[in-house]
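Enquirer: Handing you this structure, nothing more for now.
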Amino acid sequence: MGNTNNTAKNEINTRTLGGWLIAIQVFIILNAISWVTNLQLYYKLLGEKEILIKEKNLSDPSILNVFFYYELAASLVFTFLAFVVFYYFFKRNKLFPMLMIIYLVFELVVEGVSYLLFAHLSNDPVLMLQKMAFSLVIAVAMIIYLKRSERVKQTFIF
């Protein structure tokens, strides 16, 4: 009788999205909100780019134009991708872990390209580097969890 209780305790309830999957769910929601906010911000700044170009006194103002359009495009793509990942998460689709890993890697690549190309435009490029390092740590932790977790393997089966 005691042995059956131990096996019942060790079973993972895959009917609910619990455990560390809640942290991934929160990450997806907060990331979607962040990208929607970026989308709004850069769309607004696009109308004021002439003023910003005059304030920065740039020798080549086209780099600021490229920055605005790059960030606007990245925000638009990642807003869409966040909602796609969110949809697959709640459908418990077996493609979710792979989509989430691709999403995280793609986000790191975009942040890295942004840092390499546009860090000199920032007032504080070290802050951009810190944000990228934090994103890297979070991405690595989530990827390891998505690859090794039994809960993930048993939850996303459809």
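Enquirer: Taking only region 95-107 into account, find how many residues are within 19 Å of residue 136 (Cβ to Cβ) and surrounded by fewer than 16 Cβ atoms within 10 Å (Cβ to Cβ).
Expert: Number of matching residues: 4.
Enquirer: Still on this structure, please answer the following. What number of residues within region 56-91 satisfy the criterion of being among the polar types (S, T, N, Q) and touching a residue at least 40 places away in the same chain (Cβ under 8 Å)?
Expert: Residues flagged as among the polar types (S, T, N, Q) and touching a residue at least 40 places away in the same chain (Cβ under 8 Å) within region 56-91 amount to 2.
Enquirer: Examine region 51-71 for a residue that is modelled with pLDDT under 95, within 17 Å of residue 32 (Cβ to Cβ) and surrounded by 18 or more Cβ atoms within 10 Å (Cβ to Cβ), and state whether such a residue exists.
Expert: Yes; the residues of region 51-71 include at least one that is modelled with pLDDT under 95, within 17 Å of residue 32 (Cβ to Cβ) and surrounded by 18 or more Cβ atoms within 10 Å (Cβ to Cβ).
Here is a yes/no grid of residues against (1) within 18 Å of the chain's Cα centre (by Cα); (2) within 20 Å of residue 23 (Cβ to Cβ); (3) of a type outside the set (Asp, Glu):
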{"site": "71", "(1), (2), (3)": "yes, no, no"}
{"site": "77", "(1), (2), (3)": "yes, no, yes"}
{"site": "126", "(1), (2), (3)": "no, no, yes"}
{"site": "136", "(1), (2), (3)": "yes, yes, yes"}
{"site": "147", "(1), (2), (3)": "yes, yes, yes"}
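Enquirer: Which condition does residue 43 not pass, out of (1) touching a residue at least 24 places away in the same chain (Cβ under 8 Å); (2) surrounded by 15 or more Cβ atoms within 10 Å (Cβ to Cβ); (3) part of a helix (DSSP H, G or I), if it passes all the others?
Expert: For residue 43, the failing item is (2).
Enquirer: Which residue out of 102, 143 is in a helix (DSSP H, G or I), closer than 30 Å to residue 64 by Cα and of a type in the set (A, V, I, L, M, F, W, C)?
Expert: Step by step, each of 102, 143 is checked, and only 102 is in a helix (DSSP H, G or I), closer than 30 Å to residue 64 by Cα and of a type in the set (A, V, I, L, M, F, W, C).
Enquirer: Out of all the residues in region 114-129, which are within 22 Å of residue 52 (Cα to Cα), surrounded by 12 or more Cβ atoms within 10 Å (Cβ to Cβ) and free of Cβ contacts under 8 Å to residues at least 40 places away in the same chain?
Expert: 115, 119, 122, 125, 128
Enquirer: Residues to consider are 152, 85, 137; find the one that is loosely packed, with under 14 Cβ neighbours inside 10 Å and either at pLDDT below 95 or part of a helix (DSSP H, G or I) (or both).
Expert: 137
Enquirer: Condition (residue is outside any helix (DSSP H, G or I), β-branched (Val, Ile, Thr), within 25 Å of residue 144 (Cβ to Cβ) and at pLDDT below 95) applied to region 20-29: is it met by at least one residue?
Expert: no
The values are calculated or read from the model by the stated rules, or taken from the named source; none is laboratory data. A quick note: this is a predicted structure, and the numbers were derived from the prediction, not measured. Positions of Cβ are generated from backbone atoms using ideal geometry, with glycine treated the same way; all protein chains shown enter the neighbour counts.
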